[in-house]
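Each remark here refers to the structure printed beneath this line.
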Amino acid sequence: MRVLLHIDDIDTWRQALVERLPEAEIVTADDPADKRRNADYLAVWQPPEALLAEQAQAKGIINLGAGVDALLNNPALPENVPIVKLRDAGMAELIADYARYGILHFQRDFDRYRRQQAQREWRAHAVVDKHDWPVGVLGLGAIGAKVAAMLAADGFPVHGWSRTPKSLAGIRCHHGDTGLAALLRQVRSLVLLLPSTASTRHIMDAEALAALPKGASLINPGRGSLIDEAALLDALGEGAQEGRLRGAILDAFPEEPLPATSPLWTHPRIWITPHMAGPTPLGEAVDQVVAAIRAFEAGDEIETVDPDAGY
Ligand code: OXD
């Protein structure tokens, strides 16, 4: 059986797969075309179009990340090949840390202290108790549900939102359009963990941003397409003048790397990180890849991506 591997940290991955899946021949983009063409399985993260175009006979694709948007939007994606994606695989814990950091940044006034530091101003603000800092999590998939649970365990009242109804212990779950409006009205920090699909594109548009309470903050370790960037800049206000939103911590952008010309880079109330919130940890991810390939080979039932839903 031949497995085509494509991901940044390729040497570490190749070694792990050689050890864990000895029955497979692991090939990569560096192998000669005749060797890597028509692999049985593709274990890939954001593969180039030309590499996918060679793989007409794949029996299964394993997306080496949680979001399948880049793969589904790849024009060379072979048709009707089942896709499996990584589910959590250790990413949720890393993303929960990112969300925690973002929430605490505003709840404990680090943004204000940074501005005060520039003025050498020594002035402590009263701490708003965590229990009075409701947090929203949009997206309650494998990662969102776990992040919501971790934030609730930290002591924040957590509201979660999904397209269809869900029930999660300790989380106030909302769904659909009315549920979204109800959630937005109540939260002081909002964490975006939805997949990038046609129906989530610009879910945070001018109307949604205006529904947040004044002084709310936005944390996006999810996808850039979720936010209407012009509306965000508008909601943040110009220069030093604070708008409706207090600040935004952004890890994902419609175009990555974020172009040097983007006004987001220099905005005083935006913090930018380079899509680092939830790197795929090797251990559990390799376990999931091996399990998926063995399940495909054995003809076992396996949870696959719904390309129409986009996740
Ligand atoms: C992912 C990501 O989807 O890292 O896994 O963005």
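The values are calculated or read from the model by the stated rules, or taken from the named source; none is laboratory data. What you see is a predicted model; the values in this text were computed from it and never measured. Cβ placement follows ideal geometry from the backbone for every residue including glycine, while neighbour counts extend to all protein chains displayed. Ligands, DNA and RNA are excluded from the accessible area calculation, which covers all protein heavy atoms including side chains. Shrake-Rupley method; radii C 1.70, N 1.55, O 1.52, S 1.80 Å.
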- prompt: Just for the stretch 59-82: of the residues that are more than 13 Å from the ligand (Cβ to nearest atom) and open to solvent by less than 10 Å² (accessible area, probe 1.4 Å), which one is farthest from M1 (Cα to Cα)?
  reply: I61
- prompt: What pairs come up if the first residue lies in the stretch 173-187 and is surrounded by 13 or more Cβ atoms within 10 Å (Cβ to Cβ), the second is among the aromatic types (F, W, Y), and their beta carbons are under 7 Å apart, counting only those six or more places apart or on different chains?
  reply: H174/W161; H175/W161; G179/W161; L180/W161; L183/W161
statement: Just one listed residue, out of V128, V137, V147, V158, is open to solvent by 10 Å² or more (accessible area, probe 1.4 Å) and aliphatic (A, V, I, L, M), and it is V128
- line: Contact list, first residue from the stretch 274-300 and under 24 Å from G222 (Cβ atoms), second anywhere and among the acidic types (D, E) and open to solvent by less than 50 Å² (accessible area, probe 1.4 Å), beta-carbon distance below 6 Å, six or more apart or interchain, is H275/D251; A277/D251
field: Matching residues, the stretch 202-230, being open to solvent by 10 Å² or more (accessible area, probe 1.4 Å), over 14 Å from the mean Cα position of the chain (by Cα) and closer than 21 Å to L258 by Cα
entry: H202, I203, D205, D228, E229, A230
- request: Scan the stretch 279-287 and give yes if some residue there is within 30 Å of T164 (Cα to Cα), assigned to a helix (DSSP H, G or I) and within 13 Å of the ligand (Cβ to nearest atom), otherwise no.
  value: yes
- prompt: With respect to F106, is the statement that it is open to solvent by less than 70 Å² (accessible area, probe 1.4 Å) and in a helix (DSSP H, G or I) true?
  reply: yes
message: With the requirement that a residue be within 16 Å of A56 (Cα to Cα), of a type in the set (A, V, I, L, M, F, W, C) and surrounded by 15 or more Cβ atoms within 10 Å (Cβ to Cβ), what does the stretch 22-37 give you?
response: V27, A29
task: Check the stretch 221-239 and report whether any residue there is within 16 Å of the ligand (Cβ to nearest atom), assigned to a helix (DSSP H, G or I) and touching a Pro at 6+ places or on another chain (Cβ under 6 Å).
output: yes
message: Quick check on this structure: which one of M91, M1 is among the hydrophobic types (A, V, I, L, M, F, W, C) and open to solvent by 40 Å² or more (accessible area, probe 1.4 Å)?
response: M1
message: If I filter the stretch 262-273 for residues that are more than 15 Å from the ligand (Cβ to nearest atom), aromatic (F, W, Y) and more than 20 Å from A142 (Cα to Cα), do I get at least one hit?
response: yes
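Every residue, every condition in (1) in contact with an Asp or Glu (Cβ under 9 Å, 6 or more places away or on another chain); (2) under 22 Å from Y98 (Cβ atoms); (3) away from the ligand (no atom under 16 Å from the Cβ); (4) not in a helix (DSSP H, G or I), yes or no:
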site: H174; (1), (2), (3), (4): no, no, yes, yes
site: A182; (1), (2), (3), (4): no, no, yes, no
site: R185; (1), (2), (3), (4): no, no, yes, no
site: V191; (1), (2), (3), (4): no, yes, no, yes
site: S196; (1), (2), (3), (4): yes, yes, no, yes
site: A210; (1), (2), (3), (4): no, no, yes, no
site: E242; (1), (2), (3), (4): no, no, yes, yes
